[in-house]
Amino acid sequence: MAKVPVQFTLNGSEKAEFVDSGTTLLHALRDKIGDTSPKGGCHQGTCGACSVIIDGELRLSCLTLAETCDGAVISTTSGLSDSGVLHPLQRAFLDTFATQCGFCTPGMIMAAKVLLDHTPNPSRDEVVEALSGNICRCTGYEPIIQAVLTAARSNSQNAA
Amino acid sequence: MAIRRGRGVAAINYPTGMNLGGDPTQALVHSTPTGNFMVTLSSVDLGQGMKQIMAQICAETIGVPTDRVVVDTADTDTGPHCMGTFASRGTHRAGNAVIQAAREARQVMLEVAAEELEVNASDLETDGQGNILVKGAPQKSISIFDVALSAHFKRGRSISGRGMFLIPRSYPEKETGAMKPSTCYAHACTVAEVEVDDETGEVTVLTVKNVFEIGRALNPKMVEQQLVGGSWMGISHALYETTEPYYPNRDHGGTDFNQYLMPGPGDLAETEIIVLERPSADGPYGAKGPGEMCANPQIPAVANAVFDAVGVRIDTLPITPERILRALKAQAAN
Amino acid sequence: MELRKSYFADVRKDDLHEIGQPRPRSDSPGHVTGKTAFFADRNFPGMLHLKMVRSPHHHARIRSIDTSEAEKHPGVVRVLTAKDVPHNVNTILILIQIGPEDETVLADGKVRWKGEAVVAVLAETERAAQEAAAKVKVDYEVLPAVFDMEEALKPGAPLVNEYHGQNYYLYDSGECRKVRFGDVEAGFAGADHILEQSYQSSPIEHAPTETTGCVVTPEGNDRFTCYTNTQAMFFTLDNTSIILQMPGSKLHFVGGTVGGGFGGKVDVIVEPIAILGAKLTGRPVCFIYSREEEMQISSPRAAEKVVIKDGVMKDGRIVARKVTGYTDAGAYSRHSPYGAQKGAGHYPGPYTIPNVWIDTYCVYTNRTPSSAMRGFGVTIGDFALEVQMDKLARLIGMDPLEFRFINAYRDGDMKAHRQPTEGAALIECMQEASRAANWPVAEKFMAMSSYVKGV
Amino acid sequence: MALALQTFATVNDANAALKAAGTRYLGGGTLVVRAANEGDVSVSGLIRSTEPSLSTIAVAGGKVRIGASVTMAAIARHPDLGALAKAARAVGGPAIRNMATVGGNLFAPAPYGDFAVALLALDATVSTDDGETPIETFLASRDGSRAIVTSVGFTLPPQGGFRFLKVSRVKPKGISVLSIAAVLKQSPDGTVASARIALGCMADRPVRAGAAERALLGRTLTADGIAPALAAASDGTSPITDPIASAWYRNEVLPVHLGRLLLA
């Protein structure tokens, strides 16, 4: 089987791997690199559990072929906490009890991070829109919406 | 076009645990040499928070802070038998098993402390902070840390306990159906308020006010998680979900999260949750199982609210815009 | 959320240290950092991927299966059919003596629902397994199928499952589970109004974000470790032991961190065949449902039909209630006979009614086998009961909430299944709902209590 | 055959590669990679082109040209395409919009393809290396189309001249019960001078509401004025039945939603 070299930056570290052509980024991250924070919930693009940030944009790693990410800068939830200090979003998810089974959580946090990167003080509607591609079956969404709003508030307080 | 508003109520009860009993769960508890406690189970955490709740139950029973307890669960090489996490049984069955195991471990712990303090074990109590005190003379105390060290290295004792909880199986009487389906029941009452678009049949759930009686809220924030999520699922069942939209016709079953409908984050009803506690006689610290019942009363409450709004009864789930529109057209034709 | 401590304060001590405290969840830090290990986060070198060849027909006889092309496909390591499964016909509740065994792990001679597992392909990659699965040739003779419960119960309907011999589950009480309390016909005869209504639901999917699956690795000492998201560890281990005719001591199940269950992961479907694959190849095996399989292959909540006939007095008392419940099990039992029976124990709801008649049926049709789901045996019944309550209240011109107070059960009331009510709290829930929703009811109802009979 | 991706610098070379059996063009991946993930083994070769023109948006003199690889997100945030932002945002959630392309949307079967509905109302042309095709013709023959779509072009409607509505069960991201796009020109007296109305989910691909368009001519946008158009809204359509809604339902509510869009 044809192996293709892929190089990208993952959570600040250079990664270089040979993957089978046609391998999705989700498989490359989980099975080759060992970053299992993106989850495979549907492999259809309908659940958002595999969400990662590629070059500043939210993307679905299950529908992205690894070899199209050559040279890209990729962020996942596993790279979010800095030296063991939780990111404000992670902190807020804990404080607002926004996780239950936890399977959707990494994807939710990625979707929320992209939002806050571009819109530090989002409205509730903007949060709803930002999370709309991510399925949660446990929480009924409200605690997650509250977590993102809480993180935004704590960010703006820290900035002030 | 008219948006019409209505409200409906429903009240329900729900049995805790496997119907007719016969569903055992076992637990083991032991202390480490420095007085931390390990709970060993084979129960499964589905996201409802089994591990955290069992830690709190063990901590309460032993008399230590929750962060001194570690739960090792769902490994069949180490954990004793649990029937499984379903039927609202996890907290109730496993919680009782953990209490029994923790009580036995606590007794050993108090006996070792009694030897160290040279008093009777029955004269000792815990302060919940990790210390064992002589009742009425709290200045005479020993830390659980020291008791565990003594048990392990000096006195050759195992601070441990075994727990087992089993509701005996009930067999229904053939002719009358006399049986004991459950030993405790949770309760709920929901009032739902909806808007119905009478030209399209679309329903918006504006508010749901849910009152749940769950025996005891062992961890109120985690109870809230289950109840809020369950309330959402109830609304979802009422209005959206099915794998066979044209049942009993088998065609057009959804195969993804786009086709299988559930309310999105833009469809949320304003949700109010009120919890009452009537402790159950056989529940762990009175707790009943709230996990399933919390998703039930919204379904009929929404159905009744739809009727209140537009005067048509949809007796088939889910209550889709199509079913409402067909009923409205039939109503107009009559 | 608000805790209303004023209710039942006299029967509850609030003197606990850890219980009742909103302690943070110990598992959340793992979730928010992506460190929590779900079963599929385990990856073993040389792991094979299992894909299932499934029936395209609702009901068919299998004339022949030809796996020769699939076996030759590059990357394929092993192809499994019914003859490879040591004890191929099983039912999960056999552990608690609820039989008969009625479901094949891999189809043997017949398929009874569209999507039924026929052949398992084990290959080096998912793609190779998919390609090989497409090369398995199954020759089917399509048979008439039945999808409607009423049709299935009629004489002459296609027989769905030969292990039962008829299209309903045979209880020791006969074709249905029965509850008989008082004299329901006398109750109807004395009622001011009678209302008979029929309610229906269609199947519902649990839709956990993590699909059903497992990863199995042979440990080299004749034991197999199975990382699984089952909701019931020993239930799965013990059934696997039966299906594979393998001592339970050879099996090690690790799980307990599950990406949502809701009842959908109580069936024992993926583990036995994956462990068999690992045993026969000596390689790690993963078998994870695709989302499409989770949606249409994994058991849904059963469709139900509930017919309720009530006799009610002008003053609001329900004097007789007859309920006939039908649970659509699909092609196999799984947990449905139990669910239908649970319904019998739940009716007539949280109300005290002197004359009750209940029949609940578990019916077989040629659809995806249904099984447990959150609220199993009760959820659809509650929908039917509580819509019926609304209709009854309006029929006699009474406020729907007040109507429920009149009939609500209280401590000591005898239930239809002949257990006295204990620990009732329906009245208090309704009182609080009345306040919270600003839905006033008469003062006499606000003064009621679940504790003792009588206002 | 394992799945393999080939990348070409030019559309020309990619077109040549697409002549091989078992190949599909890879746009945003939301259709093709999904099919591969779900076990569609008929596709073994994925072809893509990185030609820069595929990813550019050009707006000049009221004329718009959008490269086929341009994503829904890029359209939604483009300062000159504000009128179309609603239609672009109708596609998927945020991650899907960062991936789904204009070219791909032309091939998306109902209930997908909301942006193609907008393009149909805009009377767009679809470009390949072989030339330009009116979108209506293109959609009708898309199943047999092999040439890579390079861009779509259309004239920007005047301010307020473009209307778009998507009806979905789930908010904000659900797939369509139906979608409606309309380009209306009104005379100084307020009567409709021209109308192009396109519908999604009223067939397996976007279709025109020809009878409704004709019935609107010379009429005012009032309840009475549009009544004949609403009565004719579903003429010639064959709505899909899917898990979201039946053909019956789509047929019933099309006039309701079209009316709301026209009176908005």
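Things to note:
- Residue order, fewest to most beta carbons within 10 Å, for A:43, C:417, A:87, A:118: A:118, A:87, C:417, A:43
- Each of A:134, A:98, A:156 was placed along the dipole of the stretch A:88-159 (beta-carbon charges, centred on the mean Cα), and the one lying farthest toward the positive end is A:98.
- Placing pseudo-labels 7 Å out from each Cα toward the beta carbon at residue B:174 and residue C:6 gives an inter-label distance of 5.4 nm.
- Using the Cβ-Cβ distance between residue C:183 and residue B:127 with R0 set to 35 Å, the FRET efficiency works out to roughly 0.05.
- Shape call, the stretch D:4-49: gyration tensor on alpha carbons, a/c limit 1.5: oblate
- Nearest-ten-degree value, helix B:95-117 long axis tilted from longest Cα axis of chain B: 20 degrees
- Cα-based shape type of chain B, given that a ≥ b ≥ c are square roots of the gyration tensor eigenvalues and the cut on a/c is 1.5: prolate
- Rounded to the nearest 20, the Cβ-based charge dipole of chain C about its Cα centre (Lys and Arg +1, Asp and Glu -1) stands at 240 debye.
- Options D:254, D:69, D:172, ranked by Cα towards positive dipole end of chain D, top entry (Cβ charges): D:172
- Note on B:50-60: average number of Cβ atoms from other chains within 10 Å of each residue's Cβ is 4.
- Placing pseudo-labels 7 Å out from each Cα toward the beta carbon at residue D:35 and residue C:444 gives an inter-label distance of 7.0 nm.
- Of all aspartates and glutamates in the structure, those lying under 17 Å Cα to Cα from residue C:5, and not within fewer than 8 positions of it along the same chain, are B:213, B:224, B:272, B:277, C:14, C:15, C:428, C:432.
- Span-like helix ranges in chain C, DSSP H, alpha carbon extent 18 angstrom or more, Kyte mean at least -0.5: C:379-395
- Within straight-line cross-link reach of residue C:154, lysines at Cα separation under 26 Å, skipping those fewer than 8 residues along the same chain: B:174, C:110, C:114, C:178, C:305, C:309, C:322, C:342
- Among the cysteines of chain B, those whose beta-carbon sits 4.7 Å or more from every other cysteine beta-carbon are B:58, B:82, B:184, B:294.
- The long axis of helix A:142-159 is offset from the longest Cα principal axis of chain A by roughly 80 degrees.
- Each Lys and Arg Cβ is given +1 and each Asp and Glu Cβ -1; about its Cα centre, the protein assembly as shown then shows a dipole of about 440 debye.
- Peptide packing for B:73-86, D:110-123 was compared via the average number of neighbouring C-beta atoms within 10 Å per residue; ordered from the highest value, the list is D:110-123, B:73-86.
- If a spin label sat at a point 7 angstrom from the Cα of residue D:145 along the line to its beta carbon, the backbone N atoms of the stretch D:92-117 nearer than 12 Å would be those of D:102-109, D:116-117.
- Modelled FRET efficiency - R0 51 Å, residue B:249 with residue A:18, Cβ distances, 0.05 increments: 0.55
- Legend note: in chain C, cysteines whose Cβ sits 4.7 Å or more from every other cysteine Cβ are C:176, C:214, C:226, C:286, C:362.
- Exposed loop sites were defined as trypsin sites (Lys or Arg not before Pro) in DSSP loop states (anything but H, G, I, E or B) carrying at most 16 other C-beta atoms within 10 Å; in chain D the longest segment without such a site runs D:20-145.
- Of the Cα atoms belonging to the stretch B:94-181, the radius of gyration and Dmax stand at 19.4, 65 Å.
- Projecting the Cα atoms of B:258, B:233, B:245 onto the charge dipole of the stretch B:207-284, computed from C-beta unit charges around the Cα centre, puts B:233 farthest toward the positive end.
- Once both labels are positioned 7 Å from their Cα atoms along Cα-to-Cβ, the gap between residue D:9 and residue D:187 label points is 5.7 nm.
- About its Cα centre, the dipole of the stretch B:1-112 is roughly 820 debye, where the only charges are +1 on Lys and Arg Cβ and -1 on Asp and Glu Cβ.
- Each residue of the stretch D:159-167 was assigned a 3J(HN,Hα) from its phi angle through the Karplus curve 6.51 cos²θ - 1.76 cosθ + 1.60 (θ = phi - 60°); the sequence is 3, x, x, 10, 10, 9, 9, 10, 9 Hz, with glycine and proline shown as x.
- Sum of -39500 (n - 2.57) over DSSP H runs of 4+, divided by residues of the protein assembly as shown (222 nm, nearest 500): -8000 deg cm²/dmol
Read-outs: derived from the displayed coordinates by stated rules, not from any lab. Since we're looking at a predicted model, the values are computed, not measured. Note that each Cβ is placed from the backbone with ideal geometry, even for glycine, and that neighbours are counted across all protein chains shown.
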